[in-house]
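Q: Starting off with a structure, shown below.
The values are calculated or read from the model by the stated rules, or taken from the named source; none is laboratory data. This structure is a prediction, so every number in the text was calculated from the model and none was measured. Neighbour counts are summed over all protein chains in view; Cβ atoms, including those assigned to glycine, are modelled from backbone coordinates with ideal geometry. For accessibility, only protein heavy atoms count, side chains too; no ligands or nucleic acids. Shrake-Rupley method; radii C 1.70, N 1.55, O 1.52, S 1.80 Å.
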Amino acid sequence: ILKRSGKKYVEYDERAAVDFYRRRRTMDCLRRAIQEQLFEVWYQPVYAPDRGKFVSAEALVRLRDDKGRMISPGRFIPVAEEMGNVGEVFWQVLAQVCCFISNHKQIPIDTISVNISLEQFEDSHLPEKIRTVLEMWNVEPEKLRLEITERAIAGDAYQSREIIRIMEEDGFRFYLDDFGTGYSNFATLAQYHFECIKLDKSLIGIVDSDQKGYNMVRGLIRLIHELGIKVIAEGTETKEQVEKLLELGADKIQGFYYAKPMDGEELSELLVRDIEVCNIKEEVT
Ligand code: C2E
Ligand code: MG
Ligand code: MG
Ligand code: MG
């Protein structure tokens, strides 16, 4: 309620109104995309320094508004979570990823990871449902990785912790995403079998800033390795960052320095070209 017309109040009110309409447009766009299956899936390749090539990729959902402009998932995923619709997004992304794997059995890639939200663990049938989709496309669970954030293993997230444990026993592999942004739940970390922990880009941003930043990342990588878990450095943008991360033994590197997210066809072209380049190098040496 606008009681005073002081400048501050008016500005605030305008911003709130813009946010409100933007949110409503996002919601409309989401509903339509869910109904008409309009989501696109892009892939960001992940580089393994010890093998000198891209070895995996992360599936990242993309959505366009009615004018064809991209809406960032950073904006629409939280809205989908609040609307209780994020599961729909996941199933459509998973189906597209399975279809891609199924149609590109010859491309040299170990795994593709898919982001999964905490809300989806409210469904206790999640493991069987995922298995059914994989079977439908004839995709082995070993090809898939699921990325969860720390919220999914937080103290009060009983059900998700239980489901993650069941799925791990069942052969599914999880990555812990955005590590270093939430409160890092060190005490429970050792109870899971994460294959990789993804250091958030905010941490990669400090690895080459000063000695303290460098030491922080070094300490975290040591700790994660101590737990027998591999490290993926996410959001690596510069040569300087890559150099520091190699020094510190990061196992995999994902970031604009090596590749931006791209559509499936571009990914398969890139990976095939990559292999050819490797083969030529081997022939020469
Ligand atoms: P995320 O899972 O941590 O994904 C990594 C994000 O970092 C991606 O943003 C990627 O494009 C971006 N990124 C990678 N390398 C760099 C870099 O060098 N510099 C910078 N500045 N950014 C980089 P994107 O695609 O916008 O996705 C944002 C977030 O949206 C994701 O963060 C994830 O939390 C969520 N998201 C994306 N796709 C899905 C999905 O299918 N389901 C769910 N539940 N969430 C998703
Ligand atoms: Mg992710
Ligand atoms: Mg992340
Ligand atoms: Mg995330």
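Q: Quick one: what pairs do we get from region 127-156, first residue of a type in the set (Asp, Glu), second surrounded by 15 or more Cβ atoms within 10 Å (Cβ to Cβ) and part of a helix (DSSP H, G or I), C-beta under 8 Å, 6+ apart or different chains?
A: Pairs found: GLU140/LEU134.
Q: Follow-up question, since we're still on this one. Filter region 106-126 for residues that are more than 13 Å from the chain's Cα centre (by Cα) and among the aliphatic types (A, V, I, L, M) and give the result.
A: Listed by number, the residues that qualify are ILE107, ILE109, LEU118, LEU126.
Q: Please count how many residues of region 230-242 are away from ligand 2 (no atom under 16 Å from the Cβ) and under 27 Å from ASP110 (Cα atoms).
A: The initial filter retains those residues of region 230-242 that are away from ligand 2 (no atom under 16 Å from the Cβ), namely 237-242.
Imposing the further condition that a residue be under 27 Å from ASP110 (Cα atoms) reduces the set to 237-239, 241-242.
Count: 5.
Q: For ILE112, work out the one condition from (1) at pLDDT 95 or above; (2) within 16 Å of ligand 3 (Cβ to nearest atom); (3) farther than 23 Å from LEU63 by Cβ it doesn't fulfil.
A: It fails just one condition, (3).
Q: Among the residues of region 113-126, count how many are open to solvent by 20 Å² or more (accessible area, probe 1.4 Å), assigned to a helix (DSSP H, G or I) and within 16 Å of ligand 4 (Cβ to nearest atom).
A: First pass over region 113-126, keeping only residues open to solvent by 20 Å² or more (accessible area, probe 1.4 Å): 115, 118-119, 122-125.
Within this subset, residues satisfying the condition of being assigned to a helix (DSSP H, G or I) are 118-119, 122.
Then drop every residue that is not within 16 Å of ligand 4 (Cβ to nearest atom), which leaves 118-119.
Total meeting the criteria: 2.
Q: Could you check PRO261 against (1) at pLDDT 95 or above; (2) open to solvent by 20 Å² or more (accessible area, probe 1.4 Å); (3) out of contact with any Leu (no Cβ under 7 Å at 6 or more places or on another chain) and say which number it fails?
A: Just one mismatch for PRO261, condition (3).
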